[in-house]
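Below: one structure, written as structure tokens.
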Amino acid sequence: MELNSVKETEVLIVGAGPCGLALACDLARRGVRALVVEQAPTLFPGSRGKGIQPRTREVLDDLGVGDAMREHGGPAPVGMVWQDGRRQQEYDMFRRAAPTESEPYGEPWLMPQWRTQEILLARLRELGGDVAFSTALTGLDQDADGVTAQLATGPVRASFLVAADGGRSTVRRALGIAMAGEEVDPAPMLVADVRVAEDALDRLNWHATRGEQGFLTLCPLPGTADFQLVAQFREGEPDTSPEGVRALVAARTHLTARDVTEVRWSSDFRPRAALADRFREGRVFLAGDAAHVHSPAGGQGLNTSVQDAYNLGWKLGLVLRHGAPVALLDSYEQERRPVAADMLGLSTRIHRGEQERGVATQQLGLGYREGPLSVGRAGVLRSGDRAPDGPTTGGHRLFDVFRGPHFTLLAVGTDAALPAFDGEQLRVHRTDACEAYGKGLFLVRPDGYIGWAGEDASGLVRYLAPLGVPEVTRC
């Protein structure tokens, strides 16, 4: 993409990580012009955020990359504890559940972060978008109508700007938004992608050792020949050089330095938890690590980030394409900041061994019951709940009905009269029964949560009008 030819866009997204790319895909399918800029010359090369939780798998499926995720990823292997060069016992660090009608994904899915980003970038290009690499943001100003961003290649004017530029966000710092947090663990960590001789270590287990210097794990990454190495350092600082990584493996495992045939990427970090004081400043929004930084132990950071994008995308689409008031965007922080705070607490407790990786990590139970866009209840669900999957009359799946950028008015076990709406923005689907819902009317938001629910349609038009979804006058 030639940035010099781009002077104006509707949404400028700073950062081409999973959050920025997911948002760009969502906006592209809504016909919103978005420009993604990334200061690095390429996509992030490492495996860091490798766990895709069940709720995020649902999100990515809706964005059109579900098949690619299934093809290139795989389930997490069972752990294997080693001591003194010998296998001790297997253990499983995750809750695993068989898929159900209402929850089609029952366990976390492993995929290196670089692969997730490649898949999202390919999808963005299918939708007509792209990323401007080697393009740093150097400054920004905003007024009542938009944002002027100073880029290394020249100024760009946008209606809105989204900071998806990571924990050290240039945008967040330029806005002066503080980020309060805590050190989760004083011991520094090393993470690396390595290759190991085939006859030295099997790929059937997630291998783990623990000693005086801290733990070390080697996790085979599905769809690749790589292992992700994670090591704790109770003393000293990590040596991220290839020689240092090889020496580390030789010192803490039964493997030799020569068994590590390649060190493809490495980095060090200190686990911390931090939350931005606010997620919005005028027409600028913080999303992903720019808004919240997690310990990797809970497998929540990338997932929470992608779901930030999924929450914000449809709201920007309604404001820019369907005349919804800009005040609708206030709901982004109101809904997502409490979720991020909860996930930060969960990640920290898991890191410290105070909580297991149970059902909460799957993020299927997250919702917005107390949010400003949640009104009513019906059947067994309340507004703000995740809209479950399930079979529907005609042999379809509800997730197939919901898929796309539209609202869905789901009528379950009722013949209640319904208003007429523009089918592009809102689709009506009737089904005889669905156990996960009970009986009633359920308005499913574009991000798969129930916004409004009731036994009849009274109040539905009033709810939708401020969202830019007016009733169609019947002839």
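The values are calculated or read from the model by the stated rules, or taken from the named source; none is laboratory data. On a predicted model such as this, the values are computed, not experimentally measured, just so you know. Heads up, the Cβs are rebuilt from the backbone with ideal geometry, glycines too, and the neighbour counts pull from every protein chain shown. The area values use the complete protein model at the heavy-atom level, side chains included, leaving out ligands, DNA and RNA. Shrake-Rupley method; radii C 1.70, N 1.55, O 1.52, S 1.80 Å.
Mean Kyte-Doolittle of at least 0.0 and a Cα length of 18 Å or more along the axis: which whole DSSP H helices of the chain meet both?
Working: long enough: 113-126 (20 Å, -0.81); 301-321 (30 Å, 0.09); 330-351 (32 Å, -0.82).
In the chain, the long hydrophobic H runs are 301-321.
Taking amide H positions as placed 1.01 Å from N in the peptide plane, with prolines and chain starts having none, which residues 5 or more places from Asp226, or on another chain, fall under 5 Å of its amide H?
The answer is Leu221.
From Cα pairs below 8 angstrom and at least 6 apart in sequence, can you work out the relative contact order of the stretch 247-336, rounded to a whole percent? Before the final figure, lay out each step's value.
Working: 65 pairs, mean separation 17.2, N = 90.
So the answer I get is 19 percent.
Give me the one-decimal nm value for the distance between modelled label points at Asp145 and Thr100, 7 Å along each residue's Cα-to-Cβ direction.
Between Asp145 and Thr100, the label points sit 5.3 nm apart.
Give me the percent relative contact order of the chain, please, defined on Cα pairs under 8 angstrom at least 6 residues apart. If you can, show how the numbers build up before the last one.
Numbers: 1062 pairs, mean separation 75.9, N = 475.
16 percent.
How large is log10 of I(q)/I(0) for the stretch 238-334 at q = 0.15, 0.25 Å⁻¹ when the intensity is taken from the Debye formula with one equal scatterer per alpha-carbon?
Once normalised to I(0) and log-transformed, intensities are -0.73, -1.21.
If you take the Cα atoms of the stretch 85-240, find Rg, then find the Kirkwood Rh from the mean of 1/r over all pairs, what is Rg/Rh? Could you put the intermediate results ahead of the total?
Details: Rg = 21.7 Å, Rh = 20.5 Å.
Checking Rg against Rh, the ratio lands at 1.06.
Antiparallel versus total DSSP beta bridges in the chain: what percent is that, nearest 5?
Values: 67 of 95 bridges.
Within the chain, antiparallel bridges account for around 70 percent of the total.
Report, to the nearest whole %, how much of the accessible area of the stretch 83-200 belongs to carbon and sulfur atoms, 1.4 Å probe, protein only.
On the way: 2410 of 5700 Å².
Ligands and nucleic acids excluded, carbon and sulfur give 42 percent.
Starting from the coordinates of the alpha-carbon atoms of the stretch 364-456, obtain the Kirkwood hydrodynamic radius over all distinct pairs and give the value in Å to one decimal. Show your work: numbers first, answer last.
On the way: mean 1/r = 0.0772 Å⁻¹.
About 13.0 Å for the stretch 364-456.
Please identify every one of the GluC sites (Glu not before Pro) in the stretch 168-260 that sits in a loop by DSSP and has no more than 12 other beta carbons within 10 Å of its own beta carbon. Let's see the in-between values first.
Values: sites: Glu182, Glu183, Glu198, Glu212, Glu235, Glu243; in loops: Glu198, Glu212, Glu235.
Loop-located and lightly packed - Glu198, Glu212, Glu235.
Which part of the stretch 180-208 falls in the paramagnetic zone of Arg168, meaning amide N under 20 Å from the point 7 Å along Cα-to-beta-carbon?
Residues 180-193 qualify, since their backbone N sits under 20 Å from the label point.
Within the stretch 228-301, what whole-number % of the accessible surface is contributed by carbon and sulfur, with the 1.4 Å probe and all protein chains included in the calculation?
Values: 1350 of 3040 Å².
That share works out to 44 percent.
What trypsin sites (Lys or Arg not before Pro) in the stretch 222-303 are in a loop by DSSP, with at most 15 other Cβ atoms within 10 Å of the Cβ? Could you put the intermediate results ahead of the total?
Numbers: sites: Arg234, Arg246, Arg252, Arg258, Arg264, Arg272, Arg278, Arg280, Arg283; in loops: Arg234, Arg278, Arg283.
Counting only loop positions with at most 15 other Cβ atoms within 10 Å, the trypsin sites (Lys or Arg not before Pro) in the stretch 222-303 are Arg234, Arg278.
What part of the accessible area of the stretch 323-475, given as a whole %, is carbon or sulfur when the probe is 1.4 angstrom?
On the way: 3350 of 6760 Å².
In the stretch 323-475, the share of accessible area belonging to carbon and sulfur is 50 percent.
Please give the per residue volume of the convex hull enclosing the alpha carbon atoms of the chain, rounded to a whole number of Å³. Could the numbers behind the result be given before it?
On the way: hull volume 70.5 nm³, N = 475.
Convex hull of Cα atoms, per residue: 148 Å³.
Students sometimes get this wrong: rank Lys439, Lys315, Lys50 by accessible area, probe 1.4 Å, all chains present, largest first. It would help to have the intermediate numbers written out before the result.
Numbers: Lys439 135, Lys315 0, Lys50 30 Å².
Of Lys439, Lys315, Lys50, the descending order of accessible area is Lys439, Lys50, Lys315.
For the pair Leu418/Val326, report the inter-label distance in nm, with labels modelled 7 Å from Cα in the Cβ direction.
With each label placed 7 Å out from Cα toward Cβ, I get 3.5 nm.
Evaluate the relative contact order of the stretch 368-475 (contact order divided by residue number), counting alpha-carbon pairs under 8 angstrom at least 6 apart; express in whole percent.
Values: 225 pairs, mean separation 34.7, N = 108.
Once divided by the residue count of the stretch 368-475, the mean separation gives 32 percent.
Select from the stretch 333-411 those GluC sites (Glu not before Pro) which occupy a DSSP coil region and have at most 10 other Cβ atoms within 10 Å, ordered by residue number. Display every interim value, and only then the final one.
Working: sites: Glu333, Glu335, Glu354, Glu356, Glu370; in loops: Glu354, Glu356, Glu370.
Qualifying residues, ordered by number: Glu354, Glu370.
Under a 1.4 Å probe, what is the accessible area of the stretch 268-423 per residue, stated in Å²?
Details: 5470 Å² over 156 residues.
Counting only protein heavy atoms, the per-residue value for the stretch 268-423 is 35 Å².
Using only Cα positions of the stretch 1-98, each an equal point scatterer, no hydration layer, compute I(q)/I(0) via Debye at q = 0.14, 0.17, 0.19 Å⁻¹ and quote the log10 values to two decimals.
Log10 of I(q)/I(0), two decimals: -0.74, -0.94, -1.07.
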